[in-house]
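Following: one structure in structure tokens, then a few remarks.
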Amino acid sequence: MSLFTVLGLKAPKKPPTPPQPDPGASPASDTPSSTSVDAHPEPIAQDPRKALVGQRFAANSGPARDLIAKIEAQAYLGSPGPVQTAMQAVHKSFPAVQAAISAKDWGRASDELDRLETGLADFRKAFQSVNDTKKADYVKAKAQAQADLDRWDAALAGKTLDEVCDKAFQDSTAQFTHARQQMDEGEKGDNYLQAARGLRNATGAMAGAFKGDLDKLRQTLQARRQAGDGVFAAAAKAGLKTVDRKPFDDAAKAASAALEKVATTLDARPLPAALAAIESAAEQCRRAAAQAFVAAAKNQPKKAQRAQVMALLKDDPEALRAVADVDGGPALIDAMMKDLGGQAKDAQSKAFARAAIGARFGAKLTDQDLTTKYLPRLYGALGKVPASHTVGNPMLKEINRKRVALMAEGDYTNGTGKINLSTTRTGLVDSMVSFGAIVLPEKLTGGKVAGGLGISQFDVLTLHEVAHAVDDKLQYMKSKIGNIAFGGWHDHSVDEVAGVVADGKGLYADFPDLPKPFLKAYIHAVLLQRKPESDSTVTGALGGKTADWKKLAKHAATDCAEHIRMKGSSSGLWEKGDSGAQKYAIAGSVFQQAYASQWVSYALSARSAKVSDYQFRSEAEWYAEAYAMFFLGKLKSSHPLHPVLTADQQAGKAAQRAAR
């Protein structure tokens, strides 16, 4: 590499070679004289400082860059004053040298190089003195800590600490691993400031951070002990005084011993099994208590049963869940809920109903809007579907309800497991005007589709949203993409839809002189509610041609695009019914915007088995609408989902019989 390359400069061009005289020519006539205007002058002499600057920069740039990189990596963190001063000088002068060279200011570059060389020399001198002292201290301190370092190195190599017990020791092991890297880098780089800092951090990880991780596990153990004590207290209240708590106490003692042993052995592998044994022993007692409760409750009034349940829950929050898991438990909870008569009138009744919903269906209620009828009505709606769709569904975690005066609606976002319900009076039936446009079967008041007499708005809404959670778990409709029997659904980009509309509605054929990319871009803009004539993407695709904007605006393709896009956030083509779908269908498929960022198509023929118009918003709504109608007993047996949901229903009933 040349000096000019190092300096980032261009090498000067060589002067052209003067023409040589022809040996046979006359000197006077053929050879230019020294005073001729055509003669080639001698090259101008370069600044002699340039070469010297290049040599000095080449010698010092490597050490300077290396030092600056280490400074920025905090390799010399905690250095004493003289070292800090020298580093600051290098950090400041090096870019100043580069700037001067770039400006071809060789005088300034030379001055800055003086400062750079002085800074580097001062750093070497100051650091070496400090480093020699630090090295001696480090070697001594490391020797004292070597046994602990070796133990931790072996523990991490053997994975006895950092990859067990739910990553309980990830804080201390991560800190130790980073500290060991600092030590190794410092030793290799002859930087004992860095190595000593790494040793301090390693010592801190082995002591402070590790103690913190142990304390967290001690708290976990204590919480499990307290939970177990609550189980036995609840068992005593249930009259199950003969339950042997020795297995639980033995498990707790063993877990405590295993935990304390970690401090000396650094082996946490026995801990998960030891902690699990505590929960297993407590669960065995909880189950026995639940069985005793179910057996004893047969001869008690339902109100007394509920009171006893609430007493059990004070000691053991999982008591009712255990009742729901034993033979006869679900039926007993159902009977206690039925005894409320559809109304949770007081605080205790509401607390029981909330606990019953969590125990039977696995959903946590996050609302604070506890009207008298809401909880019993929700319990009844959830009880219509198989247990595998509720308590066995990880995509049904929370249900939140807010009461509204007029418009009922709900939502479920895939992957969240949370249902939001905004409902009117929970007992409202048959009067479908307020809600029918959003989610209920088409004009149920007239019974045109499914026969709406006796159907509760609240039940339909709840089951509709539960269906989304079920579909989220099973990914059922994703597996049926393109299947005509299940709607023939497809997802599309807006660009794909634009091309289909432009072609299918004759825009390409009716404007053959205009570029197809322009016509497609025009429809694309309409679909996105933009003005095509003001859209640079559209006008840029004209290719110098002239468009008749008024004629384009009146074309059937434009009309189609305007009607298949959404209006607002929840109004779209699906509301236009069969006639709207037929009018804007293209080659047997209906293309439309389903949500703000989702464009879909479905088979027009699928509407012959429709449950509602809203069903044809998207594949998810197609499933949810039919699902709700099935579990309300309103889905025709000819519907393609009927045998699928029937199988789920029968499997759920078979599981109940087997449990009994």
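Data table
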quantity	calculated
Residue match in the stretch 100-111 (condition: under 48 Å from the mean Cα position of the chain (by Cα) and more than 30 Å from P272 (Cβ to Cβ))	yes
Cβ pairs under 6 Å, 6+ apart, first in the stretch 211-238 and assigned to a helix (DSSP H, G or I), second of a type in the set (D, E)	D213/D171; G230/D315; G230/D316; V231/D316; A233/D315; A234/D315; A234/D316
Checklist (1) closer than 30 Å to D132 by Cβ; (2) modelled with pLDDT under 95 applied to G228, failing item	(1)
Exclusive hit being loosely packed, with under 14 Cβ neighbours inside 10 Å and part of a helix (DSSP H, G or I), set D184, D148	D184
Positions within the stretch 103-155 being among the aliphatic types (A, V, I, L, M) and modelled with pLDDT under 90, in sequence order	A126, V130
One residue from A274, A324, A251 being closer than 27 Å to I419 by Cα, surrounded by 15 or more Cβ atoms within 10 Å (Cβ to Cβ) and under 38 Å from the mean Cα position of the chain (by Cα)	A324
Of all residues in the stretch 295-320 being touching a Gly at 6+ places or on another chain (Cβ under 7 Å) and modelled with pLDDT of 90 or more, the one that is surrounded by the most Cβ atoms within 10 Å (Cβ to Cβ)	D316
Selection from the stretch 67-87 of residues that are over 40 Å from the mean Cα position of the chain (by Cα), free of Cβ contacts under 8 Å to residues at least 12 places away in the same chain and surrounded by fewer than 15 Cβ atoms within 10 Å (Cβ to Cβ)	G81
Matching residues in the stretch 355-386 - criterion: being in contact (Cβ under 8 Å) with a residue 60 or more places away in the chain and part of a loop (DSSP other than H, G, I, E, B)	K384, V385, P386
Flag if K246 is charged (D, E, K, R) and closer than 30 Å to Y76 by Cα	no
Residue under evaluation T265, criteria (1) farther than 25 Å from A363 by Cα; (2) surrounded by 14 or more Cβ atoms within 10 Å (Cβ to Cβ); (3) at pLDDT below 90; (4) among the polar types (S, T, N, Q), criterion not met	(3)
Condition met for A227 (in contact with a Lys or Arg (Cβ under 8 Å, 6 or more places away or on another chain) and under 28 Å from A297 (Cα atoms))	no
Check on G158, outside the structural domain of P82 (by TED's automatic domain parsing), modelled with pLDDT under 95 and closer than 30 Å to S93 by Cβ	no
Residue match in the stretch 312-334 (condition: touching a residue at least 40 places away in the same chain (Cβ under 8 Å), farther than 23 Å from D648 by Cβ, out of contact with any Lys or Arg (no Cβ under 6 Å at 6 or more places or on another chain) and not assigned by TED's automatic domain parsing to the domain that holds K298)	no
K610 farther than 30 Å from V385 by Cβ and at pLDDT below 95	no
The stretch 88-127, subset aromatic (F, W, Y) and more than 15 Å from R56 (Cα to Cα), residue surrounded by the most Cβ atoms within 10 Å (Cβ to Cβ)	F123
Flag if L193 is modelled with pLDDT of 95 or more and either polar (S, T, N, Q) or part of a helix (DSSP H, G or I) (or both)	no
Filter result for A143 (in contact (Cβ under 8 Å) with a residue 60 or more places away in the chain and either surrounded by fewer than 13 Cβ atoms within 10 Å (Cβ to Cβ) or within 38 Å of the chain's Cα centre (by Cα) (or both))	no
Filter result (surrounded by fewer than 21 Cβ atoms within 10 Å (Cβ to Cβ), among the small types (G, A, S) and within 34 Å of the chain's Cα centre (by Cα)) within the stretch 329-360	A351, G358
Unmet requirement for A258, which otherwise passes all of (1) touching a residue at least 40 places away in the same chain (Cβ under 8 Å); (2) within 30 Å of M206 (Cα to Cα); (3) of a type outside the set (S, T, N, Q)	(1)
Residues located in the stretch 543-572, provided they are at pLDDT below 95 and not small (G, A, S)	K545, T546, K567
Where a residue in the stretch 530-556 is assigned by TED's automatic domain parsing to the domain that holds L514 and surrounded by 12 or more Cβ atoms within 10 Å (Cβ to Cβ) and its partner, wherever it lies, is in a helix (DSSP H, G or I) and of a type in the set (F, W, Y), with Cβ under 6 Å and at least six apart	P532/Y522; E533/W549; V538/Y522; A541/F518; L542/F518
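So that you can scan it fast, the table gives a plain yes or no per residue for (1) touching a residue at least 60 places away in the same chain (Cβ under 8 Å); (2) on the phi > 0 side of the Ramachandran plot; (3) part of a helix (DSSP H, G or I):
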site	(1), (2), (3)
E562	no, no, yes
W574	no, no, yes
V590	no, no, no
A594	no, no, no
S605	yes, no, yes
A624	yes, no, yes
S638	no, no, no
D648	yes, no, yes
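The values are calculated or read from the model by the stated rules, or taken from the named source; none is laboratory data. Because the structure is predicted, anything quoted here is derived from the model rather than measured. Note that we place each Cβ from the backbone using ideal geometry, even for glycine, and neighbour counts take in every protein chain shown.
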